[in-house]
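Participant: Sharing a structure here in C-alpha cells format.
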Amino acid sequence: MYRVERQITPDRVVGGNLFHVEPTHLLWTRCSQWAGRELSPDQIATLERYRAWLLTEAVEAGGIGPNEAVRVDNRHIGDSLVFAGGFRDSPHLILDVGSGVGLPGIPLSVVMPDTHFVLLDRSGRRVDLMKRATRMLDLSNVEVVHGDISDWSTPVDGIVSRASLSPEQALVNFSRLLGPDGRAVVGGSWAAPPVVNGFDLLEVPGTVLDQRVWLLIMRPQ
C-alpha cells in the first residue's frame, strides 16, 4: 500500500479563491483503478517526477501554458491515465499521435509498462522536450519520434490521441494503421457526450476526475 505521509492536504489559491487539494497519489490511483490498472509506489513516484517536470521545464519552455499548472494533476496526468480504460489488455505497441509534452503517452507508459509507446509529434521543440522527459524518467518502454501522422506507415496495435485531431480526422488516419484486433482511444474537450460515426463512447464519471469526460473508442472496420 502507498503510505500517506501527512493527513492534512494542502490548499491552493486560484483567482483569489481557496481550494482544497486532494493528494495526487489518491487521484491518480483512483483514475488507474477505474481503468482496470494498479499503480505501485514506484510508479506513483515516477508520475510525481513527471509532474514536477511539467510544472517547471515544460511550462518554462511553453510546452503547456502557465495557467494549466493548477490543472496538471487532474486535467492532464489524471485525464491521461483514464485512457488505459479503452484497452482491455496490454497491446504490444501504442502510437500517441500529437503527444506534445507526453500527454497521454507518458502517464500511460507508466501504468502500462508491458506496452511499448511511440510518442509522435511534428514539432521539433516538443519532441526535444519529450526526449528530455523520457531520459529523466528512465522510461525504457518509450520512443519519441519527430513526424506527422500522415507520414506514419507502420501498423500498430493501439493509438491514443488527446485533442490533437478531430474525431473525423482520426477516423481517416487511424483506420489504415490499426491491426485486426487494434483500437484507438481519442479524447477531447467536450461539454456534452459526443456522437461520432465510427466510434463507441466511453464515459468517465465525475467521481473519477473533477467532472465527467468522454473517450471515443474506435475499432478497425
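Participant: In the stretch 165-176, what residues are touching a strand residue (DSSP E or B) at 6+ places or on another chain (Cβ under 8 Å) and assigned to a loop (DSSP other than H, G, I, E, B)?
Facilitator: Residue satisfying the conditions is LEU165 alone.
Participant: Just wondering, is there one or more residues in the stretch 177-200 that are closer than 12 Å to LEU95 by Cα and in a loop (DSSP other than H, G, I, E, B)?
Facilitator: yes
Participant: Additional query: Yes or no: the stretch 81-90 includes at least one residue that is assigned to a helix (DSSP H, G or I) and within 15 Å of THR24 (Cα to Cα).
Facilitator: yes
Participant: Got a number for residues in the stretch 120-138 being over 16 Å from GLY63 (Cα atoms) and either more than 17 Å from the chain's Cα centre (by Cα) or without any contact (Cβ under 8 Å) to a residue 40 or more places away in the chain (or both)?
Facilitator: Final tally of qualifying residues: 3.
Participant: Mind checking which residues of the stretch 123-135 are hydrophobic (A, V, I, L, M, F, W, C) and either open to solvent by 80 Å² or more (accessible area, probe 1.4 Å) or touching a strand residue (DSSP E or B) at 6+ places or on another chain (Cβ under 7 Å) (or both)?
Facilitator: Result: VAL127, MET130.
Participant: Kindly list the number of the only condition in (1) open to solvent by 60 Å² or more (accessible area, probe 1.4 Å); (2) over 25 Å from PRO205 (Cα atoms); (3) modelled with pLDDT of 95 or more that fails for TRP34.
Facilitator: Result: TRP34 passes all but (2).
Participant: Taking into account only those residues within the stretch 201-213 that are surrounded by fewer than 20 Cβ atoms within 10 Å (Cβ to Cβ) and outside any loop (DSSP other than H, G, I, E, B), which is farthest from the chain's Cα centre (by Cα)?
Facilitator: Among them, the one singled out is LEU201.
Participant: From the list GLN169, GLN221, pick out the single residue that is within 24 Å of SER90 (Cα to Cα), at pLDDT below 95 and either out of contact with any Ser or Thr (no Cβ under 8 Å at 6 or more places or on another chain) or of a type outside the set (A, V, I, L, M) (or both).
Facilitator: It is GLN221.
Participant: Just one of VAL110, VAL70, VAL101 is surrounded by 20 or more Cβ atoms within 10 Å (Cβ to Cβ), touching a residue at least 12 places away in the same chain (Cβ under 8 Å) and not in a loop (DSSP other than H, G, I, E, B); which is it?
Facilitator: That would be VAL110, the only listed residue that is surrounded by 20 or more Cβ atoms within 10 Å (Cβ to Cβ), touching a residue at least 12 places away in the same chain (Cβ under 8 Å) and not in a loop (DSSP other than H, G, I, E, B).
Participant: Do you know which of the residues in the stretch 41-67 that are of a type in the set (A, V, I, L, M, F, W, C) and open to solvent by 10 Å² or more (accessible area, probe 1.4 Å) is nearest to ALA170 (Cα to Cα)?
Facilitator: ILE64
Participant: Can you tell me how many residues in the stretch 136-158 are open to solvent by 60 Å² or more (accessible area, probe 1.4 Å), assigned to a loop (DSSP other than H, G, I, E, B) and out of contact with any strand residue (DSSP E or B) (no Cβ under 6 Å at 6 or more places or on another chain)?
Facilitator: Result for the stretch 136-158: 4.
Participant: Given the condition among the polar types (S, T, N, Q) and either at pLDDT 95 or above or within 11 Å of the chain's Cα centre (by Cα) (or both), answer yes or no: does some residue in the stretch 81-97 qualify?
Facilitator: no
The values are calculated or read from the model by the stated rules, or taken from the named source; none is laboratory data. Fair warning: this is a prediction, and the values are worked out from it, not measured in the lab. Using ideal geometry, Cβ is built from the backbone for each residue, glycine included, and neighbour counts are taken over all protein chains shown. When the accessible area is computed, the model is the full protein with side chains, heavy atoms only, and any ligands, DNA or RNA have been set aside. Shrake-Rupley method; radii C 1.70, N 1.55, O 1.52, S 1.80 Å.
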